[in-house]
Every structure is written in structure tokens, then in C-alpha cells.
Amino acid sequence: MTVKPAFRDATLEQSGDSGSDSRPSAETAIGFIGLGHMGTAIAANLAASGVQVVAYVRRLEQMGELAALCLKPTTNIADLFDCEVVISMLPDDDAVREIVFGRKEIGVDGLAMGLKPGAIHLSMSTISTATASQLASEHAIRGQHYVAAPVFGNPDAAKARQLFIVAAGAPADVERCRPLLDSLGQQTFVIGADPGQANLIKLLGNMMTATTLEMLGEVVAVVRKRGLDPKPFLDILTSTMFGGRAHKIYGDKIVRQAYAPGFLMPIALKDVRLALAEAESAGAPMPSVGVVRDRMITGIARGYADLDWSALGLIAAEEAGLHSQLKTT
């Protein structure tokens with residue numbers, strides 16, 4: 001799969017076959033901020049598609065790993081300021097705000113101060129609608145553009161370019177980003193001009209998955225307590241009424257008691273709290289999500305902060321008095 005925007009064509013034209021230094025100017029590169037498991041997979045796919053990626057990191061020990069993926073790592077955020085597009089994949093609202101507004105107390109500018117007029121901040125982070133609106137307004141004041149494009153999928157899906165992407169922003173801005181997005185996932189859904197709408201859909205979608213995990217954990221615990229093998233039970237359910245990706249993928253993890261780190265419990269809890277705040281603001285209660293919040297708090301208190309959110313099945317098993325055979329690989 002290849003990326004076909006104009007900036008990629010310019011990048012390839014500059015690189016040529018001369019054998020000289022083929023690093024592009026910043027105008028033909030994509031900036032990237034947020035090189036965790038998801039961000040690294042996405043940035044590596046962009047590089048593999050022929051896009052030059054300038055990757056901002058804070059820790060020097062990351063530099064070698066990112067360079068090996070054909071990224072251009074830097075510890076100076078100003079190296080991204082001349083890019084036409086800067087992608088962020090960060091864990092929460094505070095992290096995104098810091099990247100946009102900078103840290104005045106230590107004299108570090110953020111994207112709002114540094115990006116040139118006309119540049120796009122493409123935020124793939126899962127954040128609140130209020131923060132998305134705040135960021136969009138700040139960029140607009142400075143003649144920049146903001147597109148929200150949160151994703152459904154885990155790091156494995158990101159590596160395989162199987163993400164589902166929900167994008168929102170000014171139509172012209174979304175179209176500028178569309179070739180990038182289409183190269184990273186299996187489908188891009190464009191849902192409107194308000195970036196906050198994309199983040200609301202992502203948060204509510206995550207709540208549907210979270211409550212599914214809770215229910216899977218509870219019913220598997222009942223099956224085990226009755227002395228039955230939960231695998232045939234899961235096979236029957238996922239072959240009939242519950243054949244969705246969440247039931248199949250996470251149901252298998254819960255049945256196998258395999259909770260290897262993926263979408264970590266504290267990050268999932270952050271999304272739960274954001275979704276509950278959105279629901280409260282709308283005057284629409286979500287009591288089932290309240291149960292999930294309490295379960296996640298319980299799990300973190302029991303030392304499961306480093307496990308995937310499918311460990312809701314582990315918590316349900318413990319609450320049922322079942323002995324766990326925890327697998328974390």
C-alpha cells in the first residue's frame with residue numbers, strides 16, 4: 001500500500017537516486033509525536049510507504065530504535081515546526097495540550113506557537129470533546145488547521161494497517177489528510193466538520209467494548225463455576241448471536257486467561273472517565289459504564305495496571321472466587 005499525497009511525491013523526487021543525502025526538507029516530511037506502541041506502529045507504516053517521518057521523542061534511548069525503523073528521530077520539537085502535517089498519538093488530554101500549548105515555565109514552544117500557517121495538526125489521540133474543540137480553536141486563531149482522527153484497533157492492528165479511523169474537521173483539511181489515513185487503516189469514516197464529534201464516537205465505541213468485556217468476564221465466570229469448559233460456550237456464542245470482533249478477540253483472551261499488555265487498564269480507565277463525563281454533560285446516564293469504572297479501579301488496586309483491559313475477565317473471575325491461571329504473554 002502506498003501513500004499518494006503531493007508531499008510524498010515531493011519527498012520521493014528529492015530523494016532521487018543520486019546516492020547523496022536523501023533526507024528531505026521539513027516541508028516534505030510528516031512530523032510525529034507520541035511514539036508508544038500504537039504511535040510507533042503507525043509511524044513505521046508511514047515510513048514504509050515512502051513518507052519521510054520526523055519523530056519527536058523525549059528520551060534519547062528511543063533514538064536508535066526509531067532510526068532502525070527508517071524514522072528521523074529528534075529530541076527538539078522545533079524540528080517539526082516546518083512540516084505541513086504533524087500527527088500526534090498521545091495518551092490523554094493533558095499530554096496533547098502540553099504538545100500544543102508548550103511549557104512556558106521552561107521556555108518550550110508547542111505546535112500552536114511553532115507551526116506555520118496552513119499546517120495541519122492531525123490528532124489521532126483519544127481525548128475529550130472539550131479538549132478537541134479547544135485545540136481546534138487555538139490552531140484556527142493562528143491560521144493552522146486541526147483534524148481529529150482517533151482509531152479503533154490495537155497495536156497489532158496498527159502494524160497490519162487494519163485500523164478503523166474516524167475523522168472530523170474542515171472538509172478540505174480532512175481531504176489533505178485522507179491519503180495518509182487511508183494508508184494506515186482498512187477504512188476511514190468521515191463524520192463531520194467538528195473534530196469533537198470524532199472523539200465522542202471513539203469514546204462511546206470504547207464503552208461498548210468495555211461493557212462487552214465486563215459481560216464476557218461475568219458469563220465466563222459463571223460457566224467455570226458450574227464446572228464447564230468455557231471454550232465451547234464461547235464458540236457457540238460467537239458462531240451465532242455474538243459474532244463481532246470484540247466478542248471473538250477479547251472472548252478468546254478471557255477464556256485463555258491471557259491478559260498480555262495491550263490497551264493498558266489505566267488508559268482504558270481514562271477513557272471510561274471521559275465517556276462518563278460526556279454522558280453527564282448530555283444528561284444521559286450510562287450505569288453499565290459506571291460498573292466498568294469500578295471494576296477497573298479494583299483491578300488497578302490489585303496490581304493489574306500493566307495488564308490489558310480484557311483483564312476485566314480476571315477481576316470477574318476473582319469476584320466469583322475462582323483461582324486464576326494468569327498468562328501475561
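Only the coordinates and a few stated rules stand behind these numbers; no lab work does. A quick note: this is a predicted structure, and the numbers were derived from the prediction, not measured. Glycine gets a Cβ as well: all are built from the backbone with ideal geometry, and neighbour counts include every protein chain shown.
Taking ALA112, ALA43, ALA95 in turn, the Gaussian network model of the chain (Cα-Cα springs below 10 Å) assigns the largest fluctuation to ALA95.
Please state the relative contact order of the chain as a whole percent: Cα pairs under 8 Å, 6+ residues apart? Answer for the chain is 13 percent.
Between the C-alpha center of the stretch 96-130 and that of the stretch 243-265 there is a gap of 34 Å.
Specify whether the C-alpha gyration tensor of the stretch 133-214 places it in the rounded, prolate or oblate class, a ≥ b ≥ c being the square roots of the eigenvalues: rounded for a/c under 1.5, otherwise prolate if a/b is larger than b/c and oblate if not. It comes out oblate by the Cα gyration axes. Pairs LYS248/LYS270; LYS72/LYS202; LYS159/LYS248; LYS116/LYS270; LYS159/LYS202: which are spaced more than 27 Å apart, C-alpha to C-alpha? Checking Cα-Cα distances, LYS72/LYS202; LYS116/LYS270 exceed 27 Å. All C-alpha to C-alpha distances of the stretch 77-122, sorted into 5 Å bins beginning at zero, yield P(r) values of 6, 23, 33, 24, 13, 2 percent in whole numbers.
Across the stretch 200-319, counting alpha-carbon atoms alone, Rg and Dmax equal 14.1, 44 Å. The ranking of CYS177, CYS70 from fewest to most other beta carbons within 10 Å of each one's beta carbon is CYS70, CYS177.
Can you compute the FRET efficiency between ARG302 and ARG103 using 1/(1 + (r/R0)^6), with r the Cβ-Cβ distance and R0 = 35 Å? Round to the nearest 0.05. After rounding to 0.05, the efficiency reads 0.50. Measuring from centroid to centroid over Cα atoms, what is the spacing of the stretch 267-288 and the stretch 168-217 in Å? First find each Cα centre; the distance between them is then 17 Å. When shorter helices are ignored and each DSSP H run of at least 4 residues is given -39500 (n - 2.57), the per-residue value for the chain at 222 nm works out to -15500 deg cm²/dmol.
When the trypsin sites (Lys or Arg not before Pro) in the stretch 182-248 are filtered for DSSP coil states and for at most 10 other beta-carbon atoms within 10 Å of their beta-carbon, the remaining sites are ARG226.
With a Förster radius of 35 Å applied to the C-beta separation of ARG273 and GLU61, the computed FRET efficiency comes to 0.65.
Here, the stretch 6-193 is characterised by an Rg to Rh ratio of 0.94, where Rg is the alpha-carbon radius of gyration and Rh the Kirkwood radius.
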